[in-house]
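Undergrad: I have a structure I would like to understand better, so I am pasting it below and will then ask my questions one at a time.
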Amino acid sequence: MEESWDFEFVSRMVDSLVSFLSEFVDDWLANDMRVAVFKILFSWLVLSLIAIHFAWKVYGNTVNDMYYRQGIGGQNGGTPDTAPHLSEWQSAAGDAMKTHRE
């Protein structure tokens with residue numbers, strides 16, 4: 001019984017997809033203002049995604065290295081762990097509140 005229901009569900013999904021695609025192709029081939037605007041926006045989206053992809057391939061490691069700085073200073077690029085004007089007992093009391101440390 002479940003197999004016939006699954007087949008019916010898949011059949012309906014395929015039919016609706018085919019009808020959607022046929023309407024989409026008909027609209028795509030029509031000389032309509034909606035289609036022209038859609039084509040422009042869709043091509044802008046695709047070109048933007050391609051540009052982002054290539055920019056990330058070229059500059060991705062640089063951006064990643066800028067965000068996650070390695071070394072003693074951690075993410076702030078050389079900031080000491082404690083402020084120089086605080087004494088040791090004041091800085092030790094503040095360490096209990098820290099939850100993340102690079």
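The values are calculated or read from the model by the stated rules, or taken from the named source; none is laboratory data. Note that the coordinates shown come from a computational prediction; the quantities given were computed from them, not determined experimentally. Glycine gets a Cβ as well: all are built from the backbone with ideal geometry, and neighbour counts include every protein chain shown. Note: areas computed on protein heavy atoms with side chains; ligands, DNA, RNA excluded. Shrake-Rupley method; radii C 1.70, N 1.55, O 1.52, S 1.80 Å.
Undergrad: Against the conditions (1) out of contact with any helix residue (DSSP H, G or I) (no Cβ under 7 Å at 6 or more places or on another chain); (2) open to solvent by less than 80 Å² (accessible area, probe 1.4 Å), where does D27 fall short? Just the number, please.
TA: Going through (1) out of contact with any helix residue (DSSP H, G or I) (no Cβ under 7 Å at 6 or more places or on another chain); (2) open to solvent by less than 80 Å² (accessible area, probe 1.4 Å) one by one, D27 breaks only (1).
Undergrad: Just checking, which of R34, R12 is touching an Asp or Glu at 6+ places or on another chain (Cβ under 9 Å), assigned to a helix (DSSP H, G or I) and open to solvent by 90 Å² or more (accessible area, probe 1.4 Å)? Steps first, answer last, please.
TA: On the way: R12 fails: touching an Asp or Glu at 6+ places or on another chain (Cβ under 9 Å).
It is R34.
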